[in-house]
1. Stretch Ala216-Asp242 to full length: gain in nm at 0.36 nm per residue minus the Cα-Cα span?
2. For region 169-226, compute the number of Lys pairs whose alpha carbons are separated by less than 26 Å, excluding pairs fewer than 8 positions apart on the same chain.
3. Can you give me the long-range amide H partners of Tyr110? Hydrogens built in the peptide plane at 1.01 Å from N, cutoff under 5 Å, separation of 5 or more residues or another chain.
4. Roll a 1.4 Å probe over the protein heavy atoms and report the accessible area of Tyr147 in Å², nearest 10.
5. Enumerate the calculated ³J(HN,Hα) couplings along region 128-138 in order (Karplus 6.51 cos²θ - 1.76 cosθ + 1.60, θ = phi - 60°), each rounded to whole Hz, writing x wherever the residue is Gly or Pro.
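The values are calculated or read from the model by the stated rules, or taken from the named source; none is laboratory data. No experiment lies behind these values; they were computed from the predicted model shown. Ligands, DNA and RNA are stripped out before the accessible areas are found, and what is left, the full protein with its side chains, is counted by its heavy atoms. Shrake-Rupley method; radii C 1.70, N 1.55, O 1.52, S 1.80 Å.
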Amino acid sequence: YDKVISMKKVNNVPSNELALLASSGTLTITPNNRTSAVLTNHVVTLVLNETKKIACKMPNIQPLGAWVESVFSKLRASNVEPFSSLALIGNNELVSYWVRAMHFDSIKGYVTQSMAIELLITAIRDGKVAIPKLVALYAFDEKPPLYQALFDAISEQSELREVSPLNNRSKWFKVSTQDAHDQLDTVARWASNIVENEPTKTIAIISPDLKKSKKAILKSLNNVFEPQWILPESGVYTAPYDVSL
């Protein structure tokens, strides 16, 4: 999608930037799944509106974790060392892995995402990874040293460009609920959905009368995050949240 379009903003992102991300030779990397999904929707919507079509080729927009996993898998399938002798372990399996590692010292052959990124940096610089001619980084407000090292390696092989949404004031949304109980359950589901898609994100739930509502709030959160808490002898679990007055 290389046609020149008029300058306008689509959901706070300039349309010329969205058109760039829609180009076939562009890889766009985002910090997380939610940002990737939202940006993909914006780009596709722009392309369909401009071309007056009902279908288009999906833009190559991927969250960083998924891109690392995809490149790692391709190198492994192509029998490229050291990837051919390693397996990438996901965040969900990481705790289980360390539990097993504490019992069996001989467990080898697994790498975490951070380890995988270190290996990919070397592979990129050795010319083992095919990088698109243009790589765009979208909405990376912070770049840990390891991410920066990866992006530096990519910039040595292709054009690296940063794309950011225009600054805008935060938006407030009102959600109607049937009663106070439904309201708390809605808040708990909302928090759970964000944690699932963005494990590193910090969430604040503010209650106007936390002292009075504390038990009800914890019940809704536990029902969503730890539904087994209601069962007898279900064990003790560390809640993924803190409560402070």
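1. Working: separation 26, 0.36 × 26 = 9.36 nm, distance 1.47 nm.
Result: 7.9 nm gained on full extension.
2. Number of lysine pairs found: 12.
3. Ala87
4. 60
5. 8, 10, 7, 9, x, 5, 9, 10, 10, 9, 10
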